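Read the structure below first, then the notes.
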Amino acid sequence: MTVLEQHGAYAPTPPPSWRPRTAPAPLLPDAEPHRVLGVERADGGPAPDGGLLLRLYESMVRGRRYNEQATALTKQGRLAVYPSSTGQEACQVAAALALREDDWLFPSYRDTLAAVARGLDPVQVLSLLRGDWHHGYDTRATRVAPLCTPLATQLPHAVGLARAAQLRGDEVAALALVGDGGTSEGDFHEALNFAAVWHAPVVVLVQNNGFAISVPLAKQTAAPSLAHKAVGYGMPGRLVDGNDAAAVHGVLTDALDRARRGDGPTLVEAVTYRLEAHTNADDATRYRTEAEIAAWRAHDPIALLEDELRQRELLDDAEAERVASAAERQAAELRERMNQDPEPDPMELFGHVFGERTPQLRAQAEQLRAELTAESAHAAPGDAHRGAHGGREAR
Amino acid sequence: MSTAVQPPHAAGAADPARKPVTLSQALNHALRDALAADPAVHVLGEDVGPLGGVFRVTDGLAEEFGEERCADTPLAEAGILGSAVGMAMYGLRPVVEMQFDAFAYPAFEQLVSHVSRMRNRTRGGLPMPITVRVPYGGGIGGVEHHSDSSEAYYMATPGIHVVTPATVPDAYGLLRAAIASDDPVVFLEPKRLYWSKAGWDPAAPEPVPGIGRAAVRRPGRSATLVTYGPSLPVCLEAAEAAREEGWDLEVVDLRSLVPFDEETVAASVRRTGRAVVVHESPGFAGPGGELAARISERCFHYLEAPVLRVAGFDIPYPPPMLERHHLPDVDRVLDAVARLQWESEWTPGTTEGER
């Protein structure tokens with residue numbers, strides 16, 4: 001008989017560190033993605049609120065038109081690049097609408113629609129992708145963090161902000177958006193672990209759109225689902241149909257309420273599909289088939305919601321037409337504003353590096369100023385691009 | 001042009017009325033006073049709670065301010081610094097501890113991609129008042145990954161200040177300044193000076209120059225040793241030894257690597273006509289290259305010899321039993337001084353100090 005076989009012989013106090021402190025079963029996600037739209041409510045539960053569904057619908061129709069417009073702007077050279085969220089409108093819009101005013105949103109570069117749906121000015125939101133500056137809106141006033149480019153690195157920020165709100169006793173939750181590829185990054189793991197240990201009021205929404213640029217999920221993970229990863233951290237994982245706006249909104253609302261109540265973080269995996277290529281610069285035909293895309297088009301998030309609205313007689317042709325025209329007007333306004341030439345101020349390059357410029361930066365700013373002065377002296381009259389500096393420069 | 005000389009305090013001898021305090025204790029006082037002065041200040045890191053940090057720099061802070069203000073985190077440096085970014089966004093003033101120089105590397109992406117750029121990215125909307133404390137450098141017999149001089153990585157990253165104290169008053173004063181700064185500061189603590197002592201009164205800490213200012217630790221006329229952090233005591237000892245050779249060496253302690261105090265360094269080298277830069281960090285593409293270039297640009301017509309560097313070799317940090325061959329020591333500094341072309345008799349640096 002070995003030591004290991006001596007059952008009951010080893011009973012240390014306190015309990016050994018291998019004993020799980022959290023029962024895993026309640027944390028497990030459903031086997032199938034949670035759905036609301038088009039599902040028979042056998043349990044007799046209430047149908048989702050009609051007003052909410054209409055708000056989601058209008059915002060999603062506008063969102064799809066916004067995505068189309070932004071992609072078109074890349075072809076006209078008005079945006080340097082655009083990562084479209086066409087097909088993911090349910091996630092984008094539901095995320096924005098599930099937030100309360102005091103909550104914070106932490107978007108990635110693909111989540112400009114979520115910021116716009118929250119009410120931010122699309123021209124300001126697109127600043128990064130237009131290239132006139134790295135960022136264009138007031139983060140503290142909007143409670144939307146800068147669009148984050150390095151994958152998953154915004155997740156620890158969301159956790160830290162949520163922790164700070166918790167320490168101050170504020171009823172504030174943070175919602176961070178990440179893609180399926182981002183779940184492989186170390187920062188995803190570290191952020192979820194910190195969130196669970198701190199019991200931080202944060203919700204992480206993984207938009208599993210099937211691909212990290214070209215790499216399918218099967219090459220990204222061997223987990224039963226991305227939502228299952230939550231169990232390893234000791235937080236609940238929820239699996240939801242990411243094209244079902246009512247389901248995503250419901251799950252996120254529950255998770256955010258839970259966070260604000262002080263019951264800790266939640267990981268939500270929304271299963272969706274990126275109908276467009278990674279960006280305008282990508283060629284999706286190299287890694288996926290038309291048949292696959294067609295199958296997902298048949299599960300379109302806007303059509304799914306529209307069917308429900310029409311069945312419940314919450315939407316008729318006139319209302320649909322009104323929503324479509326509003327989306328069209330918004331796109332036209334965006335197009336018009338983006339066709340103005342921005343005039344970034346070269347001297348601003350030195351304006352915000354530090355609170356106060358170092359002597360070295362002062363010298364370099366003077367060098368650039370002298371170059372600009374020389375350049376404008378040689379510029380052709382009427383050339384608006386040259387010598388237009390001195391506007392936004394800070395200290 | 002004269003610069004006030006701020007000599008480092010010799011072990012407990014400068015003022016017998018003041019008790020000897022170690023550099024590590026002075027850092028502890030700075031953290032305690034910062035936590036007491038501003039409720040937004042939060043300390044977080046690995047083992048910084050009840051243990052008080054592996055170097056005891058956070059000793060007693062969790063007990064005094066609670067484990068929410070001085071928090072042990074999970075063991076993940078990117079998570080620590082990334083969380084600090086979010087805390088700063090919400091108005092806190094985080095002070096994070098990286099346990100050792102080489103253990104700070106996992107946090108490098110957060111530092112480079114976010115901490116250093118957030119103010120610039122947001123046009124001043126989200127400044128990052130974060131202090132990243134990093135024990136750095138060798139000379140303590142540490143096994144691999146416990147002795148790196150990582151300052152060149154930080155210096156090459158625009159948007160962060162890089163500060164390193166070498167004296168007890170600076171340990172306190174510079175750390176308070178770093179925590180008070182609205183810009184991120186990488187605060188490099190020379191490990192082998194943690195136990196160095198000076199007479200110092202925690203109840204009345206003497207004011208020290210702010211971030212961005214160098215200090216002349218020893219006035220001299222023959223040549224300038226430009227150094228910082230762990231190499232300051234080496235240079236001061238070398239300067240004493242050099243007197244036997246007839247050299248009267250000035251020693252400049254940079255204190256702040258970014259911003260770099262070019263004026264103090266250039267004024268010194270213009271007085272002496274010769275300069276040697278001394279640091280532990282590997283020489284190739286190290287801080288000394290930048291310093292030598294700037295001295296040459298600013299002082300070319302005053303220089304009697306090329307600016308020389310005494311640095312660590314361009315090798316991975318050696319094992320403890322071999323580290324003494326790697327670290328710049330007094331002999332290596334004096335060898336460099338001897339190569340400063342003293343044969344040019346007319347130089348201002350040698351008129352009164354010929355061999």
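Annotations for the structure displayed:
- Relative to the globular-protein estimate of 2.2 N^0.38 Å, the Cα radius of gyration of segment A:201-280 stands at 1.16.
- Dimensions of segment B:77-191 along the principal axes, based on C-alpha atoms and rounded to the nearest Å, stand at 44, 30, 22, largest first.
- Estimated from helices alone, the mean residue ellipticity of the protein assembly as shown at 222 nm is -10500 deg cm²/dmol (sum of -39500 (n - 2.57) over DSSP H runs with n ≥ 4, per residue).
- Residue of B:Pro165, B:Pro39, B:Pro127 that the Gaussian network model of chain B assigns the largest fluctuation, springs spanning Cα pairs under 10 Å: B:Pro39
- In segment B:215-338, a dipole from Cβ-located charges (positive for Lys and Arg, negative for Asp and Glu) runs towards its positive end, and of B:Tyr302, B:Thr224, B:Pro287 it is B:Tyr302 whose Cα lies farthest in that direction.
- Taking B:Ala267, B:Ala37, B:Ala88 in turn, the Gaussian network model of chain B (Cα-Cα springs below 10 Å) assigns the largest fluctuation to B:Ala37.
- Taking the longest Cα principal axis of chain B as reference, the axis of helix B:262-272 is set at about 20 degrees.
- Listed residues B:Pro50, B:Asn120, B:Ser150: farthest to the positive end of the dipole of segment B:20-199 (Cβ charges): B:Asn120
- Think of each Lys and Arg Cβ as +1 and each Asp and Glu Cβ as -1; about the Cα centre, that makes the dipole of the protein assembly as shown roughly 640 debye.
- In degrees, nearest ten, helix A:186-198 long axis to first principal axis of chain A (Cα): 60
- Projected area, mean over directions - segment B:165-241, Cα convex hull, nm²: 6.0
- Among residues other than A:Val251 with Cβ under 12 Å from its Cβ, the summed charge is -3 (Lys and Arg +1, Asp and Glu -1).
- Least to most buried among A:Thr22, A:Thr142 (fewest other Cβ within 10 Å first): A:Thr22, A:Thr142
- Percent of C-alpha pairs per 10 Å bin in chain B, short distances first: 6, 25, 33, 24, 10, 2, 0.
- For chain A, the longest principal axis of the Cα atoms and the long axis of helix A:301-311 meet at an angle of about 70 degrees.
- Order of A:Thr358, A:Thr221 - criterion: other Cβ atoms within 10 Å of each residue's Cβ, fewest first: A:Thr221, A:Thr358
- Burial ranking of peptide ranges A:349-356, A:301-308, B:147-154, B:207-214 (average Cβ count within 10 Å, highest at the top): B:147-154, A:301-308, A:349-356, B:207-214
- Taking the number of Cβ atoms within 10 Å of each Cβ as an exposure proxy, the fewest-first ranking of A:Ser59, B:Ser113, B:Ser181 is B:Ser113, B:Ser181, A:Ser59.
- Fraction of the pair-distance distribution of the protein assembly as shown above 41 Å, Cα-Cα pairs, percent: 42
- Most positive-pole-ward Cα, A:Ala326, A:Ala284, A:Pro107, against dipole of chain A from beta carbon charges: A:Pro107
No lab work stands behind these numbers, since they all come straight from the coordinates. All values derive from a computational prediction rather than experimental measurement. Backbone-built Cβ (ideal geometry, glycine too); neighbour counts: all protein chains shown.
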